[in-house]
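Chemist: Right, I'll just put the structure down here and ask away after.
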Amino acid sequence: KEDFKPYQYISEAYKGMGNEDKAIEFAQAYMDKNPSVSPSDYVKMAEIYNAKAQKGGDQKEANVDKAINVYNSFAEKYPQLKAYAHLQAANIAFQNELDDKAIAAYTEVINELEAKQQCDEDELSYLKTSYQYMGFIYTYDKQDFDTAKPYWDKLLKLDPQNKLANDAYEKAGLKPGE
């Protein structure tokens, strides 16, 4: 029986050295050989693509897409963690200033969790984060408070003291609920 754990260690070493291409190569070998890939293995792989994207260059968007695809695979393998996977994909797109990709992924989180009868504590935090970033993107990046407003309103229902939401209303010259 082959021991595939060293591939993960080698991948982590290359990532630490800033060599994402080699890190990806060994992370992929680890995932291909490991019959029981865990959620954290997917996260590590996506983080390597994100590190590569953060360096910029003409492959930035392609690397974000690869990170998002890793999270899509994660969501397929662990459907109970789908909202978490989509949130992480959205966060990577947001960090890389790819708002439309972030909006698509945050919308998936929102649609999935709003459709549930009951959200657990983690899912509520994913929902709040998604509302907050959707509000932020529309208010500040797209200068579209009308589109942002429903997200801020939903966020304030869950978190009435949310500073970003209250500041967005103040910036728009409105009070929450107006």
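Chemist: Given the residues Lys154, Lys175, Lys163, Lys142, which is the only one that is charged (D, E, K, R) and closer than 28 Å to Gly56 by Cα?
Modeler: Step by step, each of Lys154, Lys175, Lys163, Lys142 is checked, and only Lys142 is charged (D, E, K, R) and closer than 28 Å to Gly56 by Cα.
Chemist: Could you identify the single residue in Ala105, Ala148, Ala62 that is under 14 Å from the mean Cα position of the chain (by Cα), at pLDDT 95 or above and among the small types (Gly, Ala, Ser)? Break it down into steps so the answer makes sense when it comes.
Modeler: Details: Ala148 fails: under 14 Å from the mean Cα position of the chain (by Cα); Ala62 fails: under 14 Å from the mean Cα position of the chain (by Cα).
Just a single option satisfies the conditions, and that option is Ala105.
Chemist: Restricting attention to segment 57-67, and to residues there that are of a type outside the set (D, E, K, R) and under 12 Å from Leu98 (Cα atoms), which single residue is surrounded by the most Cβ atoms within 10 Å (Cβ to Cβ)?
Modeler: Val64
Chemist: Within segment 160-178, can you find the residues that are assigned to a loop (DSSP other than H, G, I, E, B) and open to solvent by 50 Å² or more (accessible area, probe 1.4 Å)?
Modeler: Keep residues of segment 160-178 that are assigned to a loop (DSSP other than H, G, I, E, B), which gives 160-162, 172-178.
Residues satisfying the conditions are Pro160, Gln161, Gly173, Leu174, Lys175, Pro176, Gly177, Glu178.
The values are calculated or read from the model by the stated rules, or taken from the named source; none is laboratory data. Fair warning: this is a prediction, and the values are worked out from it, not measured in the lab. Don't worry about glycine lacking a Cβ; one is built from the backbone with ideal geometry, like all the others, and counts go over all protein chains shown. All accessible areas refer to the heavy atoms of the entire protein, side chains included, with ligands and DNA or RNA removed. Shrake-Rupley method; radii C 1.70, N 1.55, O 1.52, S 1.80 Å.
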